[in-house]
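Read-outs: derived from the displayed coordinates by stated rules, not from any lab. Treat the numbers as computed from the prediction; the structure is a model and nothing was measured. As a convention, Cβ positions derive from the backbone with ideal geometry for all residues, glycine included, and neighbour counts pool all protein chains shown.
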């Protein structure tokens with residue numbers, strides 16, 4: 001049986017818990033200055049992609065050795081492939097947006 005794909009976790013609020021009673025604009029400024037909010041979200045997303053790839057490799061090796069299910073290995077492989085494709089697509093979009101901003105005339 002194919003395992004269900006886990007839901008996407010919501011992104012945490014930017015710096016709200018770290019600043020306590022500060023306003024939302026001050027909290028966003030603090031998180032932006034330290035790089036904690038966005039940088040940690042990107043880092044966590046990349047770690048999840050890497051973990052998905054490791055799981056797919058492990059299940060493929062187990063299936064090849066006759067210890068695991070081929071269907072589970074194929075599902076994990078497809079999930080890892082899709083996660084990688086989404087990551088590459090988002091990276092390309094981010095680079096394109098950065099290039100557009102850098103080419104703006106001031």
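Given their separation in residues at 0.36 nm each and the Cα-Cα distance between them, residue 85 and residue 4 gain 27.2 nm when the chain is fully extended. If you plug the beta carbon distance of residue 104 and residue 51 into 1/(1 + (r/R0)^6) with R0 = 22 Å, you get a FRET efficiency near 0.05.
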